[in-house]
Amino acid sequence: MTARGSILVVDDEPGLREMLAILFRREGYDVTSSPGFNAAREAIKNAPTPYGVVLTDLMMPDGSGLDVLSLARARSTETEVILMTAHGAVENAIEAMKRGAYDFVQKPFSNSELRALVEKAFERRALVAENVRLRAQVERESPKDLLGRSEPMRKILDLVRRVAQSRSTVLITGESGTGKERIACALHDLSDRKDKPFLVVNCGAIPETLVESELFGYEKGAFTGAATRKLGIFREADGGTVLLDEVGELPLAVQVKLLRVLQERKVRGVGEANESSVDVRVLAATNRVVEEDVKNGKFRQDLYYRLNVIRIEVPPLRDRREDIGELARHFIDRCSREHNKPIRGFAPDALRALDEYAYTGNVRELENIIERAVALTTGPLVGLGDLPAEVGGAAAQPTPALVSLPEEGCALDDVLGEIERRLILQALERTGGVRTNAAELLGVTFRSFRYRMQKHAMQDDDEEPISASEFPPGSRPPPKS
């Protein structure tokens, strides 16, 4: 059974060290124990992968828990460190949190308290790792790959570059699947906050009773199940950026608190007596018509004005068709690498079908279509038959359906071209890729077979092209429209 995560326990008291090891092994964690700083240093250095959580005593004979913290975070910034401290050393523990520790716990502590704290540390680690992955994905993709080259997207990219360094809130609106979160990522990565956290909260996915505690945190004992203190998204992102995705789904009561955060730059968690200052840039995204929600009393007008300082409206993909080909090629390059398939691109009829499709799901739907096509195709090009029926029309139907005329009619040249392409692929598969045998199986000359492969862009790039004039009219491709 796979362990829930790895924990390094560092303490010079053998009894406590052994008790913690037993406790967390029973919880399903992979636990390593170290009797002091020197042993912990070797464990951190030699571990095959960085520890998920380091649980360390603050004061030890051969070193400090602060030194363990520095070593662990130097190995991996994703490692969360929890300090165990006696009552008189709380100030040092607070200093450790300023240096990047996740939290501290005072001795003596209960097993349930420490267990809950470690679980929360692993949850935060997973959140940080996911945001690191998102940021790495954005860094791998140039802005043109991310946003497209159409006139509307060029204007958006220009606006993103101009406002990235600002602290102003940005409201990103547009239909689902248009890439609002990626635009938010670009805003963060082009800002001076790029080395700080970028945390995304889907406001519509959190139960209404938990939204406030997720955003602003809570004090230990604030409600049933609050075994440890939780910072909340805003304090975890201190110095960085928070994206409130689907902000229109926030309950009105939480909207009031969010307004205060934007005005005063302070947060107060559930059950806390005092406010904490935060330095966070807030971005918000929604697929709703916010003005209508304000008019209908579903969204506070004062909060709307606070969020709508800078507005970025992302057009649907059907309104920027110039981007479809470029986005499709970007997705096919990525998906072919992921599926380990040597796919070079699209057959002309497939690309034409992609250009003409409506994309109610926008860029996300295009990405899903390409991923499906890459998984299905058996040749070097994605053809019309590899696309869903709603995209490719009659020529995307299973082979028997291609010979039946649909009620709505069909594009005869596309259907015949797809039949020919599929038969060529089947012949090549049946003959192990030997073209001479494939041509014989199809009853055509080798030169005619090569021409037909060329017609469907299936030939190698370095092959000499064959002129259509060398063949009778019946074997030539249809004239280009």
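The values are calculated or read from the model by the stated rules, or taken from the named source; none is laboratory data. Since we're looking at a predicted model, the values are computed, not measured. Neighbour counts are summed over all protein chains in view; Cβ atoms, including those assigned to glycine, are modelled from backbone coordinates with ideal geometry. Ligands, DNA and RNA are excluded from the accessible area calculation, which covers all protein heavy atoms including side chains. Shrake-Rupley method; radii C 1.70, N 1.55, O 1.52, S 1.80 Å.
Here are some notes:
- Over 24 Å between alpha carbons, listed pairs 194/220; 180/298; 230/298: 194/220; 230/298
- Using a probe of 1.4 angstrom and keeping all protein chains present, the accessible surface of region 160-319 works out to 44 square angstrom per residue.
- Region 1-61 and region 418-456 have Cα centres spaced 63 Å apart.
- On full extension, the segment bounded by residue 192 and residue 154 gains 11.5 nm, given 0.36 nm per residue less the C-alpha separation.
- Reachable lysines from residue 455, criterion Cα separation under 23 angstrom, eight or more residues apart if same chain: 341, 480
- Within the chain, helix-based [θ] at 222 nm, where runs of 4 or more DSSP H residues each add -39,500 (n - 2.57), nearest 500: -13500 deg cm²/dmol
- One decimal place: the segment residue 277-residue 389 gains 34.8 nm when fully extended, by the rule 0.36 nm per residue minus the C-alpha distance.
- Karplus (6.51, -1.76, 1.60) ³J(HN,Hα), θ = phi - 60°, over region 430-447, in Hz, Gly and Pro reported as x: 5, 9, x, x, 7, 5, 4, 5, 5, 4, 5, 5, 8, x, 10, 5, 4, 5
- The spacing between region 179-216 and region 324-372, judged by their C-alpha centroids, is 28 Å.
- Taking θ as phi - 60° and the Karplus parameters 6.51, -1.76 and 1.60, the scalar couplings of region 206-216 work out to 9, x, 4, 6, 10, 4, 4, 5, 5, 6, 10 Hz in sequence order, x denoting glycine and proline.
- In Hz, Karplus ³J(HN,Hα) per residue of region 50-62 (6.51, -1.76, 1.60; θ = phi - 60°; x = Gly, Pro): x, 5, x, 9, 10, 10, 10, 5, 7, 10, 9, x, 9
- Ratio of Rg to Rh over region 5-105 (Cα coordinates, Kirkwood Rh, two decimals): 0.93
- Correct choice for percent of Cα pairs over 35 Å apart that was computed from the model, options (1) 29; (2) 34; (3) 51: (3)
- Summary value for the chain: 10 percent relative contact order, contacts being C-alpha pairs under 8 angstrom separated by 6+ residues.
- Region 175-237: relative contact order in percent, alpha carbon pairs under 8 Å with at least 6 residues between: 26
- Cα-projected label distance for residue 288 with residue 86, points at 7 Å along beta-carbon direction, nm: 5.5
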